[in-house]
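Single-structure report; data block below.
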Amino acid sequence: MVNKAVLPVAGWGTRFLPATKAIPKEMFPIIDKPVIQFIVEELISAGIEDLVFVTGRHKKPLEHHFDISPDLEVHLEQNSKDEVLKSIREISHMINPIYVKQKEQLGLGHAILTACPAVGNEPFVVALGDVILERGSENLKAMLDIFSRFKNTVVALFEVDYEETHKYGIAKVKEIDKNVYLVEDLVEKPKPEEAPSNLAAVGRYIFTPSIFETLEKIKPGKGGEYQLTDAMKLLLEKEPIYAYKVEGKVYDTGNPLDYLKTVIEFALKREDIGEELERFLLDILSKRSQQLNIS
Ligand code: G1P
C-alpha cells in the first residue's frame, strides 16, 4: 500500500526569474489556482494523503497556501462570500503536510534523498511540482496498480517530439502489456540524435526505499546536479523498473512558453471567461495577420 508522496519544490525556478525571486514557480496561478494545488488534488484523488514537500528558504508562500488563514476566513464570512470561503477552508484541510528543507539546491536526486527521513522504509510516489496531467489521478491509479502487481519502481512516460528530448529523462523500453513497459535504459536530457527513444519521464514516479541507496551512490551528472535519472539507471542494475505511458494531455508549466499555453488552454475551457477570451484572441490574431499582410 502506498500512502506517501514526495513533492520536490525547492528549485530556484531560474527560467522564470525575476518572478521567482520571492514567489515559488509552483505557486504560479493557472488563472486562480496555483499549479501545486492541481498536483495535490491529483494525489488526494488517487488516495495519497501524506505529503512530504522538499522546500527551500524561498518557498514560504507554498506553506502558507496549505495552512489555515483565520483573518481571511473572518473577512470572507463577514462579507458573505460563502463559496470562496468554502474553497479556502478546503485547501487548508486538504493535507497533513510535512516540510523538509533542502538547504542547497543540488538537483532532483538530492532533493528526493533529502526526503528520506520523512519517508522511512516504505514505498512512495514522487510528483514533480510543475507538471499537470489532464487525467492525473486516473494515471496515478494505473501506476499504483502496476506497482502492486510488480512491487518495483514505476515511472510515468509520455511521447515528446525528438527536438524536445533535451528537456527530459528519456527511457528505452520494451512493451509488456498495453501502455506498460519494462525499462531497459534511461538517459537524462539527451540530444535528439543520442536519445534512445522519444518516451520522456513526465514527473510521476513510484519508488521503493531502495532508490535512497542508489541516490547515495550517484555522482553529479547533467548540469553538475545529482540526477534522479542517474539513480534509476543504477537501480536498473539491481532490479527491474516498469513504465506506464500516461493518457490524456500533459501540461508542462516549468518554462514561460508552456506555462502561458497551459493558462490559455485552461482559461478557454472555463465557463465564466472562456468565450470572451476566445473572442479576444481571435480578434488580436486577425488584427495581427491583417498588419502582417499590409507590411
Ligand atoms: C526533471 C527530470 C527529468 C524529467 C522532468 C519532467 O527535469 O530530471 O528526468 O523528465 O523533470 O518534467 P527538470 O524539468 O526538473 O529539469
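The values are calculated or read from the model by the stated rules, or taken from the named source; none is laboratory data. In this text, all values refer to a predicted model and were calculated from it rather than measured experimentally. Counting neighbours? That spans all protein chains shown, and the Cβs are built from the backbone with ideal geometry, glycine included. What goes into the accessible areas is simple: the full protein's heavy atoms, side chains included, and nothing from ligands, DNA or RNA. Shrake-Rupley method; radii C 1.70, N 1.55, O 1.52, S 1.80 Å.
Send over a whole-number figure in Å² for the accessible area per residue of the chain, probe 1.4 Å. Walk me through the numbers on the way to the answer.
Working: 15410 Å² over 295 residues.
Per residue, the chain has an accessible area of 52 Å².
What net charge do the residues around His75 carry, taking every other residue with its C-beta under 15 Å from that of His75, with Lys and Arg at +1 and Asp and Glu at -1?
Values: positive: Lys81, Lys86, Arg89; negative: Asp71, Glu73, Glu77, Asp82, Glu83.
Spelling it out: positives minus negatives among the neighbours equals -2.
Quantify how much of the Cα-Cα distance distribution of the range 57-165 extends past 22 Å, in percent.
Numbers: 3289 of 5886 pairs.
Above the 22 Å cut-off, the range 57-165 has 56 percent of its Cα pairs.
What FRET efficiency do you get for Glu193 and Leu285 if R0 is 30 Å and r is their Cβ-Cβ distance, rounded to the nearest 0.05?
Details: r = 35 Å, r/R0 = 1.18.
Result of the calculation: an efficiency of 0.25.
Using Cα pairs under 8 angstrom and six or more residues apart, how large is the relative contact order of the range 124-252, in percent? Write out the running numbers ahead of the final one.
On the way: 244 pairs, mean separation 49.7, N = 129.
Computed over the range 124-252, the figure is 39 percent.
With each run of n ≥ 4 DSSP H residues scored as -39500 (n - 2.57), what mean residue ellipticity at 222 nm is computed for the chain after dividing by its residue count and rounding to the nearest 500 deg cm²/dmol?
Numbers: 11 runs with 115 residues, N = 295.
After summing the helix terms and dividing by residue count, I get -11500 deg cm²/dmol.
Hey, what did the range 72-171 get for relative contact order, percent, Cα under 8 Å, at least 6 apart?
Values: 21 pairs, mean separation 11.3, N = 100.
That works out to 11 percent.
Residues in the range 10-42 near a label at Ser137, defined as backbone nitrogen under 11 Å from the 7 Å Cα→Cβ point?
41-42
Probe 1.4 Å, all protein chains in place: accessible area of Tyr259 in Å², nearest 10?
Approximately 40 Å² for this residue.
Working from the alpha-carbon coordinates of the chain, get Rg over Rh, Rh being the Kirkwood radius. Walk me through the intermediate numbers first.
Details: Rg = 20.3 Å, Rh = 20.4 Å.
Rg divided by Rh gives 1.00.
Among 187-193, 173-179, how do they line up by average Cβ neighbours within 10 Å per residue, starting with the highest?
Values: 187-193: 15.6, 173-179: 12.0.
Highest to lowest by the protection proxy: 187-193, 173-179.
So, with a 1.4 angstrom probe, what is the percent of accessible area on the range 225-294 that is carbon and sulfur? List each step's numbers first, then the result.
Values: 2490 of 4480 Å².
The nonpolar share, carbon plus sulfur, comes to 56 percent.
Report the per residue volume, in Å³, of the convex hull enclosing the C-alpha atoms of the range 194-295. Can you show the working numbers first?
On the way: hull volume 20.0 nm³, N = 102.
Spread over its residues, the Cα hull of the range 194-295 gives 196 Å³ apiece.
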